[in-house]
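Beneath this line is the structure, given in structure tokens, with notes to follow.
Nothing in this text is a laboratory measurement; each read-out follows from the coordinates by a stated rule. Everything numeric here is computed off the predicted structure, so don't read it as measured data. Cβ placement follows ideal geometry from the backbone for every residue including glycine, while neighbour counts extend to all protein chains displayed.
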Amino acid sequence: MVQTVTVDYREEQANCELFLKNFVDPYSDSHQPKYSQLLQDIANRRKRSLDIDLDDVSTFFESGEHSAPQFARNIERNTRTYVKLF
């Protein structure tokens with residue numbers, strides 16, 4: 001028997017945005033969102049791609065105030081779709 005999983009991609013898109021805007025690397029001294037400068041570099045055409053560390057996604061959504069423990073696993077299972085969402 002095949003189990004189907006329903007994913008609300010609007011909610012997943014919101015999770016992508018929440019992560020990109022708010023993830024602060026706990027090992028960094030800057031206390032600034034890790035991906036904000038990278039996104040600005042893309043906007044300014046100094047960079048063409050954004051590499052997102054799946055461990056960062058897991059850390060952000062499995063602890064603290066943002067709880068979406070399945071989010072990182074969803075990315076692993078359907079990476080092509082999430083590339084478009086990010």
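Things to note:
- Where a residue in the range 47-62 is farther than 13 Å from residue 83 by Cα and its partner, wherever it lies, is part of a loop (DSSP other than H, G, I, E, B) and among the polar types (S, T, N, Q), with Cβ under 9 Å and at least six apart: 61/67; 61/70
- Of the residues making up the range 54-69, those that are within 18 Å of residue 13 (Cβ to Cβ), surrounded by fewer than 16 Cβ atoms within 10 Å (Cβ to Cβ) and among the small types (Gly, Ala, Ser) number 1.
- Looking only at the range 31-58, and only at residues there that are touching a helix residue (DSSP H, G or I) at 6+ places or on another chain (Cβ under 9 Å) and polar (S, T, N, Q), the one that is farthest from residue 4 (Cα to Cα): 36
- Considering (1) surrounded by 14 or more Cβ atoms within 10 Å (Cβ to Cβ); (2) in contact with a Leu (Cβ under 8 Å, 6 or more places away or on another chain), the lone condition that residue 50 does not fulfil carries the number (1).
- Scanning the range 34-57 for residues that are within 18 Å of residue 72 (Cβ to Cβ) and in a loop (DSSP other than H, G, I, E, B) yields 34, 35, 50, 51, 52, 53.
- In the range 10-44, the residues that are out of contact with any Lys or Arg (no Cβ under 8 Å at 6 or more places or on another chain) and among the hydrophobic types (A, V, I, L, M, F, W, C): 14, 16, 18, 19, 20, 39, 43
- Restricting 72, 14 to those that are assigned to a helix (DSSP H, G or I) and either of a type in the set (Ser, Thr, Tyr) or loosely packed, with under 14 Cβ neighbours inside 10 Å (or both) reduces the list to 14.
- Whether a residue is β-branched (Val, Ile, Thr) and surrounded by 10 or more Cβ atoms within 10 Å (Cβ to Cβ) was assessed, and residue 6 does not pass this test.
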